[in-house]
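Please read the structure below before turning to the comments.
The values are calculated or read from the model by the stated rules, or taken from the named source; none is laboratory data. Remember, it's a predicted structure, so these values are computed and weren't measured experimentally. No Cβ is skipped: glycine too gets one built from the backbone with ideal geometry, and neighbour counts run over all protein chains shown.
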Amino acid sequence: MHTQADKSKENKNQSVAGTVSQKQNGTSTFQFIDNRPESVAQRKLQEMADRAQNSAPVQMKLKVAGGATYNREEEISEMVDDASVIKGLLEHPDTYLVKTSGDIRKLANDEEIDILSPNKHIVGENHDDSKFGEITASWPGVPKMGEGNYMVHETDLTLGKKQDDSGKKTLEENMNSRGADTLPLENFHTAAQARLVAYLVIVNSHQYEKSETSNRYIKARARDILNAIWAYLNVGVSAFMRGNDDATFGGVFGGKFERKIEELYADMYDFLQKDEENKAARETIDGLVQDTINPDELSTKQLTQIRNLIKGLIPKISAILKESTKAQETKNSMIAETTKIDKFVGDQGNALRGKDMQRALNTVNPARETYMKKQIGTLGKPGLVKVGRAHLAGLKTLDVPDATYYDDYNDFYSGIKKRKGDL
């Protein structure tokens with residue numbers, strides 16, 4: 001093993017040898033300097049390129065969360081007696097993250113520490129008992145991603161103006177999470193479908209198997225449904241207005257659409273806004289949210305209107321999903337999964353009860369997880385991801401690259417404890 005002194009001597013000898021080699025094998029030391037303008041300009045460009053290359057950042061290897069980065073053995077030598085014991089870690093192409101510089105000393109002494117390997121760390125959770133904030137607080141600067149934050153991929157959607165300078169702003173405000181430090185994990189449409197199918201089960205149960213549980217959930221989850229409906233209305237009205245620019249407002253498709261996706265959003269608006277039964281269903285859901293309607297007092301007619309609204313809305317969301325992914329790698333998966341969802345709701349929507357909830361979720365979750373995989377692929381390493389525990393098995397079958405899975409928070413806390421021999 002070379003000592004630090006040996007290494008310095010070897011580097012010095014190599015430097016001297018390089019200088020001699022340049023003098024022996026290069027051009028003559030005595031030469032005229034070409035001062036033509038084009039030659040001077042060329043030399044300056046080369047000097048700028050050399051400076052840029054010399055100042056390029058060194059590849060990160062070992063980093064303290066929220067602190068310094070260590071790339072070379074000599075930097076670690078100032079902190080530990082024998083840096084060679086973790087030299088292999090410094091040579092790794094990716095970044096390992098520790099909490100403090102003191103942990104580096106412990107690692108060199110083969111003590112157990114918390115360390116994040118260069119992976120996407122996917123932590124299962126019960127959403128009602130989330131400790132994800134506790135985890136991310138202890139790893140400052142690590143990118144994080146989680147459910148409850150959404151985005152859409154309608155990159156070719158051009159909408160008309162609506163109370164602002166850009167129709168796209170309406171789409172972003174309603175369907176893309178904005179301002180959150182937790183990155184979006186899900187697609188808005190697939191998440192909306194899942195919530196609608198789950199609410200369909202709740203509505204049926206409340207009508208045919210009314211219980212304290214159905215009473216609680218038909219009210220508690222009404223806000224999610226109403227938020228999704230208003231998002232589609234807000235975006236859809238811009239498409240609706242564009243399609244009617246050259247026509248009377250009597251029919252939704254009297255104008256011109258630049259793309260099919262605009263027509264689909266306009267159709268969604270027409271379905272939600274112009275059908276009287278659907279408007280009545282929206283008012284009932286709003287009443288549940290505003291506490292002006294008691295779940296115990298919901299009539300058969302009101303429940304039927306909500307059921308029909310959901311059954312009609314789901315295939316319209318599927319149409320948007322298929323159109324918006326037609327040029328993406330998720331195209332085939334989305335066609336297959338939304339077809340399954342549409343058939344499931346069309347064939348069994350009226351018969352689903354509380355006992356069918358898991359079967360319903362198993363039908364809608366694969367579409368959600370297809371997008372989760374896509375989003376996790378954009379996350380830096382190491383990164384932290386929170387998902388409901390029900391999604392872990394599905395994500396494992398999708399073979400998410402560079403992913404490490406933890407069943408829950410306790411599993412995560414124990415899983416990140418490592419000695420140098422574990423790395």
* **First in segment 263-276 and within 15 Å of Q305 (Cβ to Cβ), second anywhere and buried (at least 20 other Cβ atoms within 10 Å of the Cβ) and among the β-branched types (V, I, T), Cβ under 7 Å, 6 or more apart** => L272/I229
* Give the residues of segment 376-399 that are of a type outside the set (G, A, S), surrounded by 15 or more Cβ atoms within 10 Å (Cβ to Cβ) and over 21 Å from N126 (Cβ atoms), sorted by residue number. => L379, K381, P382, L398
* Asked: Can you tell me which residue in segment 193-244 is farthest from I320 (Cα to Cα), limited to those that are β-branched (V, I, T) and more than 24 Å from the chain's Cα centre (by Cα)?
  -> T213
* Asked: Is it fair to say T378 is on the phi < 0 side of the Ramachandran plot and either over 26 Å from the mean Cα position of the chain (by Cα) or part of a helix (DSSP H, G or I) (or both)?
  -> no
* Just checking, which of Y405, Y413 is in a helix (DSSP H, G or I), among the aromatic types (F, W, Y) and within 23 Å of Y96 (Cβ to Cβ)? -> Y413
* Asked: Quick check, is G421 at pLDDT below 95, part of a loop (DSSP other than H, G, I, E, B) and out of contact with any strand residue (DSSP E or B) (no Cβ under 8 Å at 6 or more places or on another chain)?
  -> no
* Asked: In segment 380-389, is there at least one residue being farther than 13 Å from E147 by Cβ and in contact with an Asp or Glu (Cβ under 8 Å, 6 or more places away or on another chain)?
  -> yes
* Go through L384, L392 for me and flag whichever is aliphatic (A, V, I, L, M) and outside any strand (DSSP E or B). => L392
* Would you pick out the residues in segment 253-293 that are charged (D, E, K, R) and either over 21 Å from L321 (Cα atoms) or outside any helix (DSSP H, G or I) (or both)? -> K256, E258, R259, K274, D275, E276, E277, K279, R282, E283, D286, D291
* To do: Search segment 310-353 for residues being among the polar types (S, T, N, Q) and without any contact (Cβ under 8 Å) to a residue 24 or more places away in the chain, and hand back the single one that is surrounded by the fewest Cβ atoms within 10 Å (Cβ to Cβ).
  => N332
* Asked: When both residues are 6+ apart or on different chains and their Cβ atoms are under 7 Å apart, which pairs have a first residue that lies in segment 219-238 and is among the acidic types (D, E), and a second that is buried (at least 16 other Cβ atoms within 10 Å of the Cβ) and part of a helix (DSSP H, G or I)?
  -> D224/R195
